[in-house]
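Worksheet: the structure to be examined is printed underneath.
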Amino acid sequence: MGLQPLEFSECYLDSPWLRERVRAHEAELDRTNKFIKDLVKEGKNLIAATKNLSTAQRKFANSLRDFKFEFIGDAETDDERCIDASLQEFSNFLRNLEEQREIMALNVNETLIKPLERFRKEQLGAAKEEKKKFDKETEKNYSNLDKHLSMSSKKKEPQLQEADVQVEQNREHFFELSLEYVCKLQEIQERKKFEFVEPMLAFFQGIFTFYHQGYELAKDFSHYKLELQINIQNTRNRFDGTRSEVEELMKKIRKNPLEHKRASPFTMEGYLYVQEKRPAPFGSSWVKHYCMYKKDLNTFTMFPYEHRSGGKIGDGESFLPKYCTKRHTDTIDRRFCFDVEAIDKPGLLTTMQAFSEDDRQNWIEILGGKESRLLSLSRSTTRSEGGAQLDQHGFTIVKNCINVIELRGINDQGLYRVVGVSSKVQRLLNLLMDVKAGCDVDLSAAGEWEVKTITSALKLYLRSLPEPLMTYELHEKFINLAKSGSPESRVNAIHFLVYQLPEKNREMLDLLIKHLAYVSSHAKKNLMTVANLGVVFGPTLMRPQEETVAGIMDLKFQNIVVEILIENHEKIFRNLPDDTLDETNSISPRAPPRQSKKHRNKRPMAIYNPCVELDNDNSPKEDTPTGSTDSLSPQSLTPTAMCSDPGFEENHLIPDTSDLLEWASSETTQAHTPLVSWINSESPTISSEPISPVVTQPSPAIDTETSPVHVTSPPTDSIPGRKAIAVYPCEAEHNSELSFQVGEVFEDVHYSREPGWLEGTLKGRRGLIPQNYVQFL
């Protein structure tokens, strides 16, 4: 479990658990700040001390190896896992450069030191300043509140009212600052994933320039570097979409906190001051408790908590309330008090003090007390239903829009991402939804309705449905499937789940996804890749029922579900799912991992390693792990669109990987970058297994009778091939890998340069095979 999301709604409760989560975020930022300081220091050593370069690189590599990103929520996307593992991969790469003592000072200061110092100053420094203001305001708020609650009820009414107004203003200011501070903490946690890693990536590009041997290393590293650039861009794009949704939610909660009260198992919860009597002559004291009441179980639980005493939550106490009654001011020298009697302690009253008269009346009402007034604490969760429906007219609207878009705008750049003018979009949607006038709307008239207006109207129509197309009921199941399993198991599980949708929902989804697949097939011109469409349509098709920060953090998994639907449209919508399969058992692939469990990252990385280890019988290692790990989904290899927010109009579209490959094959680039030779190589394989030292001696002959032998860059033709049979099914995740089913036989199999992988031939095609997926014959 990573860092917990900081819910805006809890800012108004200021619960102990929110404080604990805030401190966890603060501690993570402090750790990041310290790490950046160390990293900058080691980077300057690389520039200033050429003689100690090897030592500095080793320290630098160790610093990278020991650091780990924390993530918000309960799961990471494949892109985030790759970014999280990137520092480990950079560390592995640096250890291979230990013997190289070439000068590498050029541009290091500009590409590494300054960006890290800027991030530390502008982001982490800003967070520290926000923390100071938040702590100061917290102290001020609760000090004023303590003073206010201690005010005698015998004071004149105008004085009491003036004090009430002043305290309420202070509390509103505190809540405003709390919202902004919580938002800033979460923004920096997400932002650092790309703003922190990008300078590292630029720094590594500089290393290749200065080392002749680095040219060979870069050929293997470039494939991973290309994917990491895409991963970073995907994460950045998802960050932009998530940030806009978070800001919108924050505005809604700021405008009306009660309407966005988070779902809770407790009927009511909040702070109360509890009177604790002491032996004479000490009188009594008032201790602040966080109290929670479950009406269905009639259970009242309270925890002593004081933020000024280190913020530790005391031992909780629970009891069954018998009744409660309002405490009049002529019987106690404090306002807003009420008494509660426990069932197991008859005659013993516990006096509690609320923060305000409304707060006291709410507690009394919930506890079924006397002299209470009726207050409604529940909020309506029913969404207003517009005119959009999944009826015959609705299908007609969607079909007409799709036909015109495919006819007039299929090659328009930024199709579906570039939005129309909101007033025109709303006017068009109103016309289309008018049963009588809708049939007379001529969408094919280019002069009247622009393509971007039609695409925006189509998205708005889908968002206006009373329930999202993929339903609230199945929302969590779809999200959970995107968080686990291998690419193949995700597809099978989502295939099964799609057929749990209502028939009309599935028909409309089929119609739309088929269209999006057609749009993505023209991505070279319209730049709308599958990943771009996933970002645009994820929130449209899969919005959660309750708006929370945790739900917004799952936007990235909504995008992945939509990407899977688009990429596998024919399989999912043209074939019934396996009746013996359901979404629960299909997300746990039985195949073993493709690399050792001791590595956190789930993606193998390309590292130049000219040494291979052969044993005398060419058989797989006995200690190969057989557990299961998450595999990457194919969509992680394609860039993601910038933002799902309809108002986001920056023209930052990322070309598909195929465009990069086409660029790499052009004559103008062949002689200028080591990236080209790697992209055009036949086997751009990757691995993160431990790396043997670089050997620069001439390649010796290979003696397969000797066990084991270390050799340098052996030609694959020199290793005697054997046959092997597949014992687990496998779906290729890269072009260099083979897909196969159980029982298929491979020809001419031998060990690959990449640890944990074999190379063989299946059905005339040669490629890589996970070593622990097969057995030699």
Say R0 is 30 Å: what FRET efficiency, to the nearest 0.05, do K136 and E546 get from their beta-carbon distance?
-> 0.35
Under 22 Å Cα-Cα from K121, which lysines qualify once same-chain neighbours fewer than 8 residues away are excluded?
-> K34, K37, K41, K44, K68, K131, K132, K133, K136, K184, K192, K193
Between H307 and K41, Cβ-based FRET efficiency (R0 35 Å, step 0.05) works out to 0.50
Percent of accessible area on region 233-369 owned by carbon and sulfur, 1.4 Å probe?
-> 51 percent
Accessible surface of region 1-136, 1.4 Å probe, proportion on carbon and sulfur as whole % = 48 percent
Listed by chain and number, the lysines with an alpha carbon less than 23 angstrom from that of K345, same-chain partners under 8 positions apart left out, are K277, K288, K294, K295, K322, K326, K370
Determine the relative contact order of region 1-137: mean sequence separation of Cα pairs under 8 Å and six or more apart, normalised by residue count, in whole percent.
-> 32 percent
With label points built 7 Å along Cα→Cβ from the Cα atoms of S318 and T761, find their separation and express it in nm.
-> 6.9 nm
Using the Kirkwood radius over Cα pairs, work out the Stokes-Einstein diffusion coefficient for region 388-544 at 4 °C and 1.567 mPa s, in µm²/s as a whole number.
-> 79 µm²/s
When N is the residue count of region 319-372, what does its C-alpha Rg come to as a fraction of 2.2 N^0.38 Å?
-> 1.05
Gain on full stretching of the segment that runs from M151 to K436 - 0.36 nm per residue minus C-alpha separation = 95.9 nm
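Does region 268-339 classify as rounded, prolate or oblate by the C-alpha gyration tensor (a ≥ b ≥ c root eigenvalues; a/c under 1.5 gives rounded; else a/b over b/c gives prolate, otherwise oblate)?
oblate
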With a 1.4 Å probe and every protein chain left in place, work out the accessible area per residue of region 292-351 in Å², rounded to a whole number.
-> 55 Å²
Just grab the label-to-label distance for R19 and S484, each label 7 Å out from Cα along the Cβ direction, in nm (one decimal).
-> 3.5 nm
Rounded to the nearest 0.05, what FRET efficiency do E248 and L407 have when you use their Cβ-Cβ distance and R0 = 45 Å?
-> 0.85
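The values are calculated or read from the model by the stated rules, or taken from the named source; none is laboratory data. Computed from a predicted structure; not experimentally measured. Don't worry about glycine lacking a Cβ; one is built from the backbone with ideal geometry, like all the others, and counts go over all protein chains shown. Quick note on the areas: whole protein, heavy atoms, side chains included, nothing else; ligands and nucleic acids left out. Shrake-Rupley method; radii C 1.70, N 1.55, O 1.52, S 1.80 Å.
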